[in-house]
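The values are calculated or read from the model by the stated rules, or taken from the named source; none is laboratory data. Computed from a prediction, not measured in an experiment: that's the story for all the values here. Quick reminder, even Gly has a Cβ in these numbers, built from the backbone with ideal geometry, and neighbours come from all protein chains shown.
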Ligand SMILES: Cc1cc2nc3c(=O)[nH]c(=O)nc-3n(C[C@H](O)[C@H](O)[C@H](O)COP(=O)(O)OP(=O)(O)OC[C@H]3O[C@@H](n4cnc5c(N)ncnc54)[C@H](O)[C@@H]3O)c2cc1C
Ligand code: SF4
């Protein structure tokens, strides 16, 4: 079955998409709101703000890679094109791999589609320990509901794949509760390739949901443009300087792009956002920048099984034990 490439069609119909690798002279881009990073935070912001009638500029350092280029389902291509540091990003001691996306759609282009609401204990921790206001379970409920509807989040109804089945059997044996994970998919082929870019546009990542909608609303997407620095004076962001990258989306091509906007949203992910703020020399009187990064470690469980288990086939995460939550 032929799967139409959303971007090939959209660009042909007039979407404003700029590949900074093709720029040959310095230039200035202007907008009401400039959004740095096109992942979960950037994509949703772009859709909401463009719907509100604002002129939105969405900037992404990684390349625009779409379903047509995911069809080979090749891991080497995916790590090279879609992941920060080719998938080799790690803590400074090398002990923990830090997997993050780096293409249009950010980490949502490669994530595994598990779509949980932020757990109540986490929201409570933020309120109590980090003075975050307006994010209680009750206040967040309508927002979660809105995004669940927007991204087609529903518990995975198909049978779990072999390794998730083993997890379910283990939970049942131990008397632990386990439930089907909600996934943000529409017409999923159960292929198991979520981590390498969905070849059939079933995963409702930002690449196929909010960003196309923002482009339909007149937003501009610039990819292969890395924001090096935010400019600021008197406590206000006045602009940003970006460097266009070559086709490899890594090395600068020598062209500088100045960004002017009334508002800036920095949505570069948990590592790159504080890095940008730090290298821009933003005021940080309490030396808090980059000091509170949290990760959710993923621990692999490996076992020799009596039957054949092909964990790479089928939705990669579909069963979650809940007995120990909260
Ligand atoms: C392999 C993998 C599997 C995952 N599975 C799940 C899952 O099943 N369920 C779940 O809830 N979460 C999952 N996640 C995590 C989830 O995708 C992220 O938490 C979420 O996407 C983070 O959103 P974000 O907007 O902060 O950053 P991202 O989505 O990472 O987007 C940030 C974007 O900003 C760009 N950027 C950064 N700095 C600059 C700069 N200076 N200039 C221009 N662009 C810049 C980056 O290239 C990137 O594209 C997974 C992540 C990965 C990598
Ligand atoms: S499992 Fe579904 S969402 Fe994931 S890559 Fe395959 S078709 Fe896409």
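The criterion of being within 14 Å of ligand 1 (Cβ to nearest atom) and either free of Cβ contacts under 8 Å to residues at least 40 places away in the same chain or on the phi > 0 side of the Ramachandran plot (or both) holds for residue 144. Residues that are part of a loop (DSSP other than H, G, I, E, B), under 23 Å from residue 33 (Cβ atoms) and under 19 Å from the mean Cα position of the chain (by Cα) are absent from the range 288-299 altogether.
Residue by residue, here is whether (1) touching a helix residue (DSSP H, G or I) at 6+ places or on another chain (Cβ under 8 Å); (2) under 24 Å from residue 42 (Cα atoms) holds:
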{"position": "93", "(1), (2)": "no, no"}
{"position": "115", "(1), (2)": "yes, yes"}
{"position": "129", "(1), (2)": "no, no"}
{"position": "132", "(1), (2)": "yes, yes"}
{"position": "148", "(1), (2)": "no, yes"}
{"position": "162", "(1), (2)": "no, no"}
{"position": "165", "(1), (2)": "no, no"}
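In the condition set (1) closer than 16 Å to residue 222 by Cα; (2) within 11 Å of ligand 1 (Cβ to nearest atom), residue 40 is compliant with all but (1).
Exactly one residue among 190, 184 is touching a residue at least 60 places away in the same chain (Cβ under 8 Å), within 9 Å of ligand 2 (Cβ to nearest atom), surrounded by fewer than 16 Cβ atoms within 10 Å (Cβ to Cβ) and within 24 Å of the chain's Cα centre (by Cα), and that residue is 190. One residue stands out among those in the range 216-226 that are assigned to a loop (DSSP other than H, G, I, E, B) and more than 12 Å from ligand 1 (Cβ to nearest atom): the one that is surrounded by the fewest Cβ atoms within 10 Å (Cβ to Cβ), which is 218. Can you find, within the range 81-131, the residue that is surrounded by the most Cβ atoms within 10 Å (Cβ to Cβ) among those that are in the same structural domain as residue 207 (by TED's automatic domain parsing), away from ligand 2 (no atom under 16 Å from the Cβ) and on the phi > 0 side of the Ramachandran plot? Only one residue fits best here, namely 106.
Every residue, every condition in (1) in a strand (DSSP E or B); (2) in contact with a helix residue (DSSP H, G or I) (Cβ under 9 Å, 6 or more places away or on another chain); (3) crowded, with 22+ Cβ neighbours inside 10 Å, yes or no:
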| residue | (1), (2), (3) |
| --- | --- |
| 206 | no, yes, yes |
| 214 | no, yes, yes |
| 228 | yes, yes, no |
| 238 | yes, no, no |
| 243 | yes, yes, no |
| 249 | no, yes, yes |
| 255 | yes, yes, no |
| 262 | yes, no, no |
| 265 | yes, yes, no |
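With respect to the stated conditions, residue 62 is under 24 Å from residue 196 (Cβ atoms), surrounded by 22 or more Cβ atoms within 10 Å (Cβ to Cβ) and either at pLDDT 95 or above or away from ligand 2 (no atom under 16 Å from the Cβ) (or both).
If you check 50, 67 for being in contact (Cβ under 8 Å) with a residue 40 or more places away in the chain, within 24 Å of residue 190 (Cβ to Cβ) and more than 10 Å from ligand 1 (Cβ to nearest atom), only one passes: 67. Within the range 166-199, if we keep just the residues that are outside the structural domain of residue 303 (by TED's automatic domain parsing) and part of a helix (DSSP H, G or I), the residue that is farthest from residue 118 (Cα to Cα) turns out to be 196.
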